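Worksheet: the structure to be examined is printed underneath.
The values are calculated or read from the model by the stated rules, or taken from the named source; none is laboratory data. Just so we're clear, the structure is a prediction, and the values are computed from it rather than from any experiment. We place every Cβ from the backbone using ideal geometry, glycine too, and count neighbours over all the protein chains shown. Only protein heavy atoms, including side chains, enter the accessible area calculation; ligands, DNA and RNA are left aside. Shrake-Rupley method; radii C 1.70, N 1.55, O 1.52, S 1.80 Å.
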Amino acid sequence: MSQFINHSCSQNLVNHQVLVDSMDCHRAHIGLYASQDISVGEELTFDYRYELLPAQGYPCQCGVSTCRGRLY
Ligand SMILES: C[S@@+](CC[C@H](N)C(=O)[O-])C[C@H]1O[C@@H](n2cnc3c(N)ncnc32)[C@H](O)[C@@H]1O
């Protein structure tokens with residue numbers, strides 16, 4: 001399902017590493033959790049934080065007033 005989640009500069013999800021079936025942190029899963037109350041029908045979003053990746057940047061279209069303008 002996470003493949004359908006868009007980036008927002010004002011996210012309503014946060015991600016945490018989650019250990020599943022193993023205590024090996026190199027095999028951790030990524031869990032997405034609500035960071036605030038989310039209304040029925042509201043889009044789920046998280047901050048991709050693309051600054052962690054080498055990239056030229058990509059224009060952000062999240063539309064929030066605090067948008068950084070880029071997905072990095
Ligand atoms: C995991 S997909 C998200 C789901 C995708 N929008 C879809 O329809 O399947 C990630 C891609 O969606 C686009 N995307 C997600 N959030 C965006 C945003 N805030 N502004 C512009 N493009 C975005 C980018 O092309 C990004 O590489």
Hey, can you tell me all the residues within region 31-72 that are at pLDDT below 90, open to solvent by 100 Å² or more (accessible area, probe 1.4 Å) and in a loop (DSSP other than H, G, I, E, B)?
LEU53, PRO54, GLN56, TYR58, ARG68, TYR72
HIS26 fails exactly one of (1) modelled with pLDDT under 90; (2) part of a loop (DSSP other than H, G, I, E, B), namely (2)
For region 4-49, which residues satisfy the criterion of being small (Gly, Ala, Ser) and either over 17 Å from GLN61 (Cβ atoms) or in contact with a strand residue (DSSP E or B) (Cβ under 7 Å, 6 or more places away or on another chain) (or both)?
SER8, SER22, ALA28, GLY31, ALA34, SER35, SER39, GLY41
From the options SER22, SER39, SER8, SER35, residue that is under 22 Å from ARG70 (Cβ atoms) and more than 16 Å from the ligand (Cβ to nearest atom):
SER35
Counted residues in region 1-19 being modelled with pLDDT under 90 and more than 10 Å from the chain's Cα centre (by Cα) come to 2
